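Below is one structure, written out as structure tokens; the observations come after it.
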Amino acid sequence: MYQADRLVTRTAAGYGHASIVEKPTQHEAFSNALTYDQWHTVSTVCDGKFFASVFDIEACQQYPDDYEWIKIASGDITYRGLVAAAAATGKRMIVSTGAATMSDIHRMRSWIPGVPVTLLVCTLSYPTEPVDANVNRIKTLKSLHVDVGYSDHTRGTAAAHLAFDLGASMVEKHFTIRPGTGGDHDFAIGPDQAREIVERVDAASDAIALVYGGSDIVGPRVSELPALHGARRSLHASVDIPSGTKLRSSMVAVLRPADGIEPWLLQDTLGRHTVRRILAGDPITTDCFYHSE
């Protein structure tokens, strides 16, 4: 659930695999969003077996009562306001950890003490190559004594099987009825593969484990760096801000990409005085302020 203007600047480039770049900017790609009422219709058709990722605080406030779960995408693990708003819904939380470090994960959990959360091991590249799947990270996150799942962007079902073998409580897969037609359809599974996962969750072999298991170290991979910049947010000017202005919340938007100050530092940034003009839409960076403040 998202609105393009509340998610990303108008000039932010895409960050996915070349095969799924469908629009020149993220803003254009996200401009054809469903409304909240349309999402409710989808939920009805799904007989209540439905929940959504939320990408702005309004989506949390509009979130239907009959949804059991609420999800935060990998790019928003540093967006404290959104994480807190999702927790305030009272739903069971899922937070994806693509390109995150252990520090990112610990900090996010500190914002929602006592809230049950499932952390999804994830590689933020589309598609994810087997060498970057690193499903063994499930063992690392389970050491935090928290529920752990796996968000699988690899082709096929091998990594999903291995994730269950390693103790994942859930696996997320992109699903399509139009395989091979471009975009996410090129690595999404179809109905037969979805049925296979359900029926054979214990089927991963030692050979598959060797290729897909990979490292258990939690932290961004080289393949994730474009997405780390493109999917995460930072502070941007929502209006033109003259030099010498005391920064107020009404002047700031939390948008993609991650060109500026991380959103969890918003409260520390408000009240500082700008040392130069910042145009509407531009990132707010540390060099915008007097360093003595």
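From the list V218, V198, V211, V254, pick out the single residue that is in the same structural domain as D56 (by TED's automatic domain parsing), touching a Pro at 6+ places or on another chain (Cβ under 9 Å) and β-branched (V, I, T).
Being in the same structural domain as D56 (by TED's automatic domain parsing), touching a Pro at 6+ places or on another chain (Cβ under 9 Å) and β-branched (V, I, T) holds for just one of V218, V198, V211, V254, which is V211.
Could you please find all residues in the stretch 230-241 being in contact with a Lys or Arg (Cβ under 8 Å, 6 or more places away or on another chain), in a loop (DSSP other than H, G, I, E, B) and closer than 26 Å to I77 by Cβ?
R232, R233
Answer yes if at least one residue in the stretch 65-74 is over 26 Å from P220 (Cβ atoms) and polar (S, T, N, Q), and no otherwise.
Within the stretch 65-74, not a single residue is over 26 Å from P220 (Cβ atoms) and polar (S, T, N, Q).
Quick test of your reading of the structure: A194 fulfils all but one of (1) in contact with a helix residue (DSSP H, G or I) (Cβ under 9 Å, 6 or more places away or on another chain); (2) modelled with pLDDT of 90 or more; (3) hydrophobic (A, V, I, L, M, F, W, C). Name the failing condition by number.
All conditions are met except number (1).
In the stretch 247-257, what count of residues is obtained for those that are assigned to a loop (DSSP other than H, G, I, E, B) and either of a type in the set (S, T, N, Q) or surrounded by 18 or more Cβ atoms within 10 Å (Cβ to Cβ) (or both)?
Counting residues in the stretch 247-257 that are assigned to a loop (DSSP other than H, G, I, E, B) and either of a type in the set (S, T, N, Q) or surrounded by 18 or more Cβ atoms within 10 Å (Cβ to Cβ) (or both) gives 2.
I'm told R178 meets every condition in (1) in contact with a helix residue (DSSP H, G or I) (Cβ under 6 Å, 6 or more places away or on another chain); (2) in contact (Cβ under 8 Å) with a residue 12 or more places away in the chain except one. Can you identify the failing condition by its number?
Evaluating R178 over (1) in contact with a helix residue (DSSP H, G or I) (Cβ under 6 Å, 6 or more places away or on another chain); (2) in contact (Cβ under 8 Å) with a residue 12 or more places away in the chain leaves (2) as the failure.
Given the conditions (1) in a loop (DSSP other than H, G, I, E, B); (2) at pLDDT 95 or above; (3) not basic (K, R), and given that H291 satisfies all but one, which numbered condition is not satisfied?
Every condition holds for H291 apart from (2).
Being in contact with a strand residue (DSSP E or B) (Cβ under 7 Å, 6 or more places away or on another chain) and not in a helix (DSSP H, G or I) is the filter here, so list the residues in the stretch 30-51 that pass it.
F30, F51
Give me the residue from the stretch 90-99 that is not β-branched (V, I, T) and not in a strand (DSSP E or B) and, out of that set, nearest to A188 (Cα to Cα).
Per the stated criteria, the residue is G98.
How about the stretch 52-72: which of its residues are in a helix (DSSP H, G or I) and in contact with a Leu (Cβ under 8 Å, 6 or more places away or on another chain)?
Within the stretch 52-72, I57, C60 qualify.
Here are G260, G271, G244: which of them is buried (at least 19 other Cβ atoms within 10 Å of the Cβ) and outside any strand (DSSP E or B)?
Just a single option satisfies the conditions, and that option is G260.
Any residue that is in contact (Cβ under 8 Å) with a residue 40 or more places away in the chain, crowded, with 18+ Cβ neighbours inside 10 Å and of a type in the set (G, A, S) - is there at least one of those in the stretch 83-93?
no
Give D165, D147 a once-over and let me know the one that is of a type outside the set (S, T, N, Q), over 20 Å from the mean Cα position of the chain (by Cα) and surrounded by fewer than 23 Cβ atoms within 10 Å (Cβ to Cβ).
Of D165, D147, the one residue that is of a type outside the set (S, T, N, Q), over 20 Å from the mean Cα position of the chain (by Cα) and surrounded by fewer than 23 Cβ atoms within 10 Å (Cβ to Cβ) is D165.
The values are calculated or read from the model by the stated rules, or taken from the named source; none is laboratory data. In this text, all values refer to a predicted model and were calculated from it rather than measured experimentally. Note: ideal-geometry Cβ built from the backbone for every residue, glycine included; neighbour counts use all protein chains shown.
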